[in-house]
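Before any comments, here is the structure.
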2 protein chains.
Amino acid sequence: MHTVAKNTLAITVITLLIGIIAHASDSLIKYPTDYRNWTHIKSMVIQEGHPLHASFGGIHHIYANDEALLGYKTGSFPNGSVIIFDLLETDETNNSISEDQRKVLGVMQKDTQKFKQTAGWGFEGFGAGIPSNRVVGSNYKEACFECHISQKQNDYVFSKWRE
Amino acid sequence: MHTVAKNTLAITVITLLIGIIAHASDSLIKYPTDYRNWTHIKSMVIQEGHPLHASFGGIHHIYANDEALLGYKTGSFPNGSVIIFDLLETDETNNSISEDQRKVLGVMQKDTQKFKQTAGWGFEGFGAGIPSNRVVGSNYKEACFECHISQKQNDYVFSKWRE
């Protein structure tokens with residue numbers, strides 16, 4: 001092969017690879033860097049013996065960005081809504097329950113174009129809150145959405161706003 | 001007394017009264033209407049058997065306004081800092097702890113001019129979160145500040161920021 005043809009082929013392959021990687025990244029849910037400044041919706045402690053303890057044992061806080069906050073108040077979540085499920089280990093001593101290390105940072109994001117098969121909602125979990133540690137990935141329909149179907153009347157969201 | 005003199009006296013008395021009421025209101029801590037959109041700092045559950053259970057039993061959330069958030073991150077709280085201690089009853093069923101009715105909404109506010117006797121910090125509690133139900137009032141030095149003295153090295157604040 002001529003050098004020019006070789007170079008052209010190499011450039012074409014690289015361009016294709018970049019396109020594939022970009023598309024894959026585009027379908028991923030971004031790690032939310034600023035959620036600690038969003039609105040705190042509610043909290044709950046799940047203890048041993050609770051049916052969801054294996055997955056969700058600990059203390060969790062729900063946070064909402066501005067779009068999701070509108071969703072909580074109207075019952076319908078607009079595109080761009082992001083809800084955080086921030087799950088921490090508990091330290092139970094001296095008749096009190098305090099927060100400990102992060103177990104998982106769950107993200108639920110509304111994008112009716114990206115997540116057509118799951119009523120517009122995408123899901124991801126970041127193990128220990130580490131951005132590179134994606135524990136759900138493409139499995140979000142089975143791992144997350146199927147349980148949220150029970151909340152269809154609340155736009156698939158379990159938590160509710162309280163004053 | 002002449003009518004003009006009477007009127008002048010009446011106006012003077014009314015003016016004085018308005019001044020006294022305005023001064024009294026000025027020394028009070030305002031009910032924080034927008035704290036549910038402030039930054040959530042941390043949460044904790046205090047159970048029966050804990051030494052503070054009588055006053056603070058339940059689940060509490062700490063919120064900070066922007067000035068107070070700066071204080072948490074630098075260790076020194078600027079004037080205008082407001083910290084909320086939002087205490088809710090708990091509903092403990094099915095091996096989980098959920099939030100219930102509000103017990104008290106505690107407010108801690110930095111104003112070095114107003115609160116010279118208590119290191120710049122004023123305190124108030126709103127029973128059941130009701131703005132007119134002030135449960136601390138002028139008693140904040142004994143009821144609140146004296147316990148916070150133990151945290152002098154943290155500018156009298158117990159809670160700490162966590163990522």
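Within segment A:151-163, residues that are farther than 19 Å from A:PHE123 by Cβ reach partners that are open to solvent by 100 Å² or more (accessible area, probe 1.4 Å) with beta carbons closer than 8 Å, at six or more positions or on different chains, in the pairs A:TRP161/A:LYS73. Of the residues screened, A:GLU163 is one that is within 14 Å of chain B (Cβ to nearest Cβ), at negative phi and not basic (Lys, Arg). Among residues of segment A:63-85 that are closer than 12 Å to A:VAL107 by Cβ, those with a Cβ under 9 angstrom from a residue that is among the small types (Gly, Ala, Ser) and part of a loop (DSSP other than H, G, I, E, B), sequence gap 6+ or separate chain, pair up as A:ALA64/A:SER81; A:ALA64/A:SER159; A:ASN65/A:GLY80; A:ASN65/A:SER81; A:ALA68/A:GLY80; A:ALA68/A:SER81; A:ILE83/A:SER159; A:PHE85/A:SER159. When segment B:42-58 is limited to residues that are of a type outside the set (A, V, I, L, M) and in a strand (DSSP E or B), the one that is most open to solvent (accessible area, probe 1.4 Å) turns out to be B:LYS42. Take the conditions (1) closer than 25 Å to B:GLU89 by Cα; (2) under 16 Å from the mean Cα position of the chain (by Cα); (3) of a type outside the set (S, T, N, Q); (4) within 12 Å of another protein chain (Cβ to nearest Cβ); A:LEU87 misses just one of them, which is (4).
Taking the criterion of being closer than 13 Å to B:TYR31 by Cβ and either among the small types (Gly, Ala, Ser) or touching a residue at least 24 places away in the same chain (Cβ under 8 Å) (or both), the residues of segment B:123-135 that qualify are B:GLU124, B:GLY125, B:PHE126, B:GLY127, B:ALA128, B:GLY129, B:PRO131, B:SER132, B:ARG134, B:VAL135. If the condition is being among the basic types (Lys, Arg) and within 18 Å of B:ASN95 (Cα to Cα), then segment A:32-50 contributes only A:LYS42. Considering only residues in segment B:21-41 that are modelled with pLDDT of 95 or more, farther than 15 Å from B:GLU124 by Cβ and surrounded by fewer than 18 Cβ atoms within 10 Å (Cβ to Cβ), the one that is nearest to the other protein chains (Cβ to nearest Cβ) turns out to be B:ASN37.
The values are calculated or read from the model by the stated rules, or taken from the named source; none is laboratory data. Just so it is clear, the model here is predicted, and its values are computed rather than measured. Methodologically, a virtual Cβ is constructed for each residue, glycine included, from the backbone with ideal geometry; neighbour enumeration extends over all protein chains shown. Surface areas here come from the heavy atoms of the whole protein model, side chains and all, with no ligands, DNA or RNA. Shrake-Rupley method; radii C 1.70, N 1.55, O 1.52, S 1.80 Å.
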